[in-house]
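Okay, so here's the structure we're looking at.
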Amino acid sequence: MTLAKRYNPKTVEPRLEMFWQEQGIYHFDLEDESHPVYSIDTPPPTVSGHLHLGHVYSYSHTDFVARFWRMNGYNVFYPMGYDDNGLPTERLVEAWEGIRATDVGREAFIQRCLAVSEEAEKDYQALWQRLGLSIDWRYSYRTIDTLARRTSQLSFLDLYRRGWVYRKEAPTIWCPECRTAIAQAELNDLERASTFYTLAFKVEGGAILEIATTRPELLPACVAVFVHPTDARFTSLVGKQVQVPYFGQWVPILQDPGADPEKGTGAVMCCTFGDTADVTWWYTHHLPLRVAIDRAGQMTEMAGEFAGLPLLQARQRIVMALETQGLLLGRRAVSQSVRVHERCDTPVEYVVTPQWFVRVLDFKEQLLKAGEQVHWHPAYMETRFQEWVENLNWDWCISRQRYFGVTFPVWYCDACGAVITAGEDELPVDPTTRGPSHPCACGSMQFTPDEDVMDTWATSSLSPQIVGQWLSNPALYAKVYPFSLRPQAHEIIRTWAFYTIVKSMYHFDTVPWTDAGISGWGLSPEGFGKISKSKGGGPMPPLEMIETYSADAVRYWAASTGFGKDAVISEEKIQIGAKLVTKLWNVARFSSRFLEGHKPGGEALPPLSPADRWILARAQSLIRRTTELFQAYDYAAAKSEVEIFFWRDLADNYLEMAKLRLYGADEGSTGAKATLYRILLSVLKLFAPFLPYVTEQIYGELFAEVDGIFSIHLSRWPQVDARFEDEDALIFGDTLVEIATAVRRYKSEHNLALGAELTHLYLAIEDAALGMLLRESVADLTSITRAQNIDIVSAFPTDVAPILLAGNVHIGVK
């Protein structure tokens, strides 16, 4: 069968995607006991906006790996989830609907979240299918669905019974914009311009103590002043009282090693709370609590005349008041690193609130050892995990003061304050809609529900248990857990990877996966850095890029950079991918006329030319190298190896060498056709993980019937054939390529077309064995050089001068 003249991905790709779904090409076989399982803990994209090319970049990486292992005989479990509960989805709904959760009420807002997330997930699935991800869509989940909520609540109850979850009223990292507590892992550092204000604190006895601060709005919350124990400037002041400017309260001057003598004036005020140092000092020195900032990021009654003002406005007004009273001694501009909430870039505050925490500080050593059991790709990503664990300062805060999420299965007794938990058979339960099924131990039947919801990571950290159906399908869970691979982005090592390891170790005393593949970011070509669902970026939406250039072309770009590396979204590289798709089709189309009716001869081999033996030997090296690279999770290097072989060895050289024999009808033709059949089939299979559509179309038309498999993606990965491993053939093949390259260079330098014929080509050599091989290769050299006559000689005729050198072969043209 001859392939169509042109390949049209706009019609072929949607048709093949439908074919894959209808035929269940990517279905995991739960009943299969004969093949090893390769299970993937697929990252559930957060439902917080439209997907972009950065997602296409990282999710393609997982698909390359999945397709490789499937073609290697593994029973691949490749599911998909949607992280559609919690703050990110709430913020999306508020932005898209133009509402705030506090304005429309809990139930109405939850319904809007459910509706918006469901529509967004349909768009997500449409993109993933169009991209060609080889997902088994039967295994899809939402982190807000019944099984996910039940799993998450059961995890909470198990940890609560073990004493590894606790509730405490304590200083908590708080986002005034989102109006909820957050965890340490949700903080980013943001550089901004700020001002150091030097203020006059009055020491008892009348002396002035200068203290510099960037946050004068915290003055009403000042409870102490700290200096370093070795700072001689303040030795005489330690133990004395000092009056806070303008607000008037008297506070002690204390010593603590945490005070930096080089920062500001060396004396620092402690306020409840401006940062983690304040929190530490408050605990260590048993200081009083003065709350000047409320949960909405406004000043409290503690601030007197400034009560009710937003923080920035309060700062400006307080500075004016200080200046009026002569208490502002100076100001200077500084660059400051501010801790902000990663979701909204709002500077965080530290507010005393009752929250639920998971103990992690007590288990840092165990968690570090767990991280060592995972094979990280690239390996240096393990260091990021280690550094995060080593620098933890807070237990994991898992409660959020929001509406849309997994609720805590908890009530509080109104009579005695006892915590009442739901029974496991009641899960999932929403305590705001019903009471507990039994009275409190004190006899009371009056309860207050816990109205908080869990941090979204508290649920998505159980993704192996949710998608593996731990609570509903034990047979499936036993097959897929621990998972083979966790693919994810590097910025959430501190959240998703860390929390998943925490949950897996706490509940099951094992790491959740054997390997972790860490993708980089897709970077905006405009220079805006990482693109995101909420902030936009990228040259065009993913589906538009796919429709313009093809899914295979976009996947080609995604495969150009390996795990751990960021990549600029390059339309130019996508265009190169489109050219590769076209070239692969054209090579297959040219080859198809010679392969029609051809059947591999099994063990029997037809006579092969030196060029045949060379390309077959090169293919064995390629298969071995590509397989090893995939096994090491270096898909980018694997793609590069296959691409170089296709362009340089197959398209540019072997096909040009073999053309005369391919068009012939002798034994040389049989050898060339048999070789071309093996090489093209191997190339298609090696390209299949990257270019699933065009390889499937070519395979289906040219090879499926003979190969005995109706989809290339279920066919066997190429295996090294020892019969074709031949070091001598590789060396001689390089000589043939050098000769061809030298002749092309000669034609180019003499302004001759590459297809121009040469009257006479002389090849002068001294090695008799090499001469014999060259004589066997005359037909192939004639084909690629277009020489009418080729003479293999030991010395040139007197009227022919050597003009080129290719290895040990001198070349003359007449």
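Packing order of peptides 763-773, 792-802, highest average first: 763-773, 792-802 (average count of other Cβ atoms within 10 Å over each peptide's residues).
Helix-only arithmetic for the chain: the sum of -39500 (n - 2.57) across DSSP H runs with n ≥ 4, divided by the residue total, places the mean residue ellipticity at 222 nm at -12500 deg cm²/dmol.
Normalised Debye scattering of segment 539-644 at q = 0.10, 0.11 Å⁻¹ gives log10 I(q)/I(0) of -0.43, -0.51, counting only Cα atoms as equal scatterers and leaving out solvent. Taking other residues whose beta carbon is less than 11 angstrom from the beta carbon of MET540, and scoring Lys, Arg as +1 and Asp, Glu as -1, yields -3. This model, with +1 at the C-beta of Lys and Arg and -1 at the C-beta of Asp and Glu, gives the chain a dipole about its Cα centre of some 960 debye. Spin-label model, GLU547 to LYS122: label points 7 Å out along the Cα-to-beta-carbon direction sit 1.7 nm apart.
Rounded to whole numbers, the Karplus 3J(HN,Hα) couplings from phi for segment 376-393 are 8, 10, x, 4, 5, 5, 4, 5, 4, 4, 4, 5, 5, 4, 4, 9, 5, 10 Hz, using 6.51 cos²θ - 1.76 cosθ + 1.60 with θ = phi - 60°, and x at Gly and Pro.
Heavy-atom surface analysis with a 1.4 Å probe gives segment 1-106 a carbon and sulfur content of 51 percent of its accessible area.
For the chain, what's the relative contact order in percent, using C-alpha pairs closer than 8 Å and at least 6 residues apart?
15
Relative to the longest principal axis of the chain, what angle (0 to 90°, nearest 10) does the C-alpha long axis of helix 610-631 take? The helix 610-631 is inclined about 10 degrees to the chain. If you bin the C-alpha pair distances of the chain every 10 Å from 0, what whole percents do you get? Using 10 Å bins, I get a P(r) of 2, 11, 18, 18, 15, 12, 9, 7, 5, 2, 1, 0 for the chain.
The residue list LEU752, ILE792, THR741 was ranked by how far each Cα lies along the charge dipole of segment 686-814 toward its positive end, using unit charges on Cβ atoms, and LEU752 comes out on top. Look at the dipole of the chain built from charges on Cβ: of MET505, PHE447, PRO718, the Cα furthest out on the positive end belongs to PHE447. Between helix 146-162 and the chain there is an angle of about 60 degrees, using the helix long axis and the longest principal axis of the Cα atoms. By a 1.4 Å probe calculation restricted to protein chains, GLU544 has an accessible surface near 100 Å², given to the nearest 10. Peptides 30-37, 634-641, 551-558, 396-403 ranked from most to least packed by the mean count of surrounding Cβ atoms within 10 Å: 551-558, 396-403, 634-641, 30-37.
Seen from ALA379, the other residues with C-beta closer than 12 Å to its C-beta sum to a net charge of -3, counting Lys and Arg as +1 and Asp and Glu as -1.
When every alpha-carbon pair in segment 70-144 is counted, what percent end up more than 20 Å apart? Mind showing how you got there, number by number?
Values: 1201 of 2775 pairs.
I get 43 percent for the Cα pairs in segment 70-144 exceeding 20 Å.
Ranked by the mean number of other Cβ atoms within 10 Å per residue, highest first, peptides 142-154, 115-127, 241-253, 207-219 order as 142-154, 207-219, 241-253, 115-127.
In this structure the chain gives 41 Å² per residue of accessible area when probed at 1.4 Å with all protein chains present. The angle between the Cα long axis of helix 635-644 and the longest principal axis of the Cα atoms of the chain comes to about 20 degrees, rounded to the nearest 10. For ARG142, neighbours were defined as the other residues whose beta-carbon sits under 14 Å from its Cβ, and their charges (Lys and Arg +1, Asp and Glu -1) total -3. Of all DSSP beta bridges confined to the chain, the antiparallel ones make up roughly 70%. Computed about its Cα centre, the charge dipole of segment 301-415 is approximately 340 debye, with only Lys, Arg, Asp and Glu carrying charge at their Cβ. Using Cβ point charges alone (K and R +1, D and E -1), the dipole size of segment 433-515 about the Cα centre works out to roughly 260 debye.
If you model segment 275-315 as an ellipsoid using its alpha carbon gyration tensor, with each semi-axis the square root of five times an eigenvalue, the axes come out at 23, 11, 8 Å, biggest first.
Under 1.5 on a/c is rounded, so check that first for segment 1-107, then, if it is not, pick prolate when a/b is larger than b/c and oblate when it is not; a ≥ b ≥ c are the square roots of the alpha carbon gyration tensor eigenvalues.
Note, shape of segment 1-107 comes out oblate.
The values are calculated or read from the model by the stated rules, or taken from the named source; none is laboratory data. If you're wondering where the values come from, they're calculated on a predicted model, not measured in any experiment. Cβ sites come from the backbone with ideal geometry, for glycine too, and all protein chains shown count toward neighbours. What goes into the accessible areas is simple: the full protein's heavy atoms, side chains included, and nothing from ligands, DNA or RNA. Shrake-Rupley method; radii C 1.70, N 1.55, O 1.52, S 1.80 Å.
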